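S.K.: I'd like to ask some things about the structure below.
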Amino acid sequence: MKPVLLDTGVIVALLDSSEKFHQTCSEAVRSLEAPLATCEAVIAESCYLLGNLRGAPEAVIENVVAGIFQIPFQLSREAAGLKQILRKYRDRKIDLADACLICLANEFETADILTLDKDFQIYRWGRNKPFHILLDHILLDLH
C-alpha cells in the first residue's frame, strides 16, 4: 500500500483543536488506511509552530515513536534530487519541507498528500505529475 504524504499544516491542525481545520483534518486522517509518510523537516516545522501549545511538540514526537507519522526520508541519500527540486521551484520560494515531500512522492510513486498548502497545486512530482490533494476542498476555501 502506497503511503499518503503528510505536510506541516495538517499536523498542526490535528494537534491544535483551536485550528480552523482541526475537525476536517482529524476526520481525514481517521478515514485513511494507508500509512502517513513525512520527513524530519515537516516534524521540525510542526514542533516549532506548536511550541506554545503545551504538550503538542511532545505529541508530534510521540506520533513518530508510535509509527503513526513514518519518516522514510533520508536527507543525505536524497540530497542531489532535493537540490534539483529547490532550484526548480526557487521562484515559488519553496521550503525544505515541501521539497522533501516532493522527493518522497518520487520515491514512493504516490501523488496522495494531506496538505493545507496550495503550492502543492503547482508542484509536480515524477515527470510533471500533479499531486492529489486529499483536502482539496479546503484549499478552495483558502483562496
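Laboratory data are not the source of any read-out in this text; all were calculated from the coordinates shown. None of the values given here were measured: they were computed from a predicted structure. Here the Cβ is made from the backbone with ideal geometry for all residues, glycine too, and neighbour counts use every protein chain on show.
S.K.: Please report Cys100, Cys47 as a ranked list, fewest other C-beta atoms within 10 angstrom at the top and most at the bottom.
M.R.: Numbers: Cys100 24, Cys47 18.
The order, fewest Cβ neighbours first, is Cys47, Cys100.
S.K.: Sticking with this structure for a sec: Straight-line reach from Lys20: which aspartates and glutamates fall under 20 Å, measuring Cα to Cα and dropping same-chain residues less than 8 apart?
M.R.: Asp7, Glu45, Asp117, Asp119, Asp136, Asp141
S.K.: Also: On a full-extension model of 0.36 nm per residue, what is the gain between Leu32 and Val64, subtracting their alpha-carbon distance, rounded to one decimal in nm? Spell out each step's value before the answer.
M.R.: Details: separation 32, 0.36 × 32 = 11.52 nm, distance 1.70 nm.
Between Leu32 and Val64, full extension yields an extra 9.8 nm.
S.K.: Computed FRET efficiency, Cβ-Cβ of His132 and Lys83, R0 35 Å: what is it to the nearest 0.05? Present the calculation step by step, with values, prior to reporting the outcome.
M.R.: Working: r = 25 Å, r/R0 = 0.73.
The computed FRET efficiency comes out at 0.85.
S.K.: So for the chain: antiparallel DSSP bridges make up what percent, rounded to the nearest 5? Don't skip to the end; give the middle numbers.
M.R.: On the way: 2 of 10 bridges.
Given both bridge residues lie in the chain, the antiparallel proportion sits at roughly 20 percent.
S.K.: Then there's this: Could you tell me which residue out of Val60, Thr24, Gly9 lies farthest along the dipole of region 4-142 toward its positive end? Charges go on the beta carbon: Lys and Arg +1, Asp and Glu -1, centred on the Cα centre.
M.R.: Gly9
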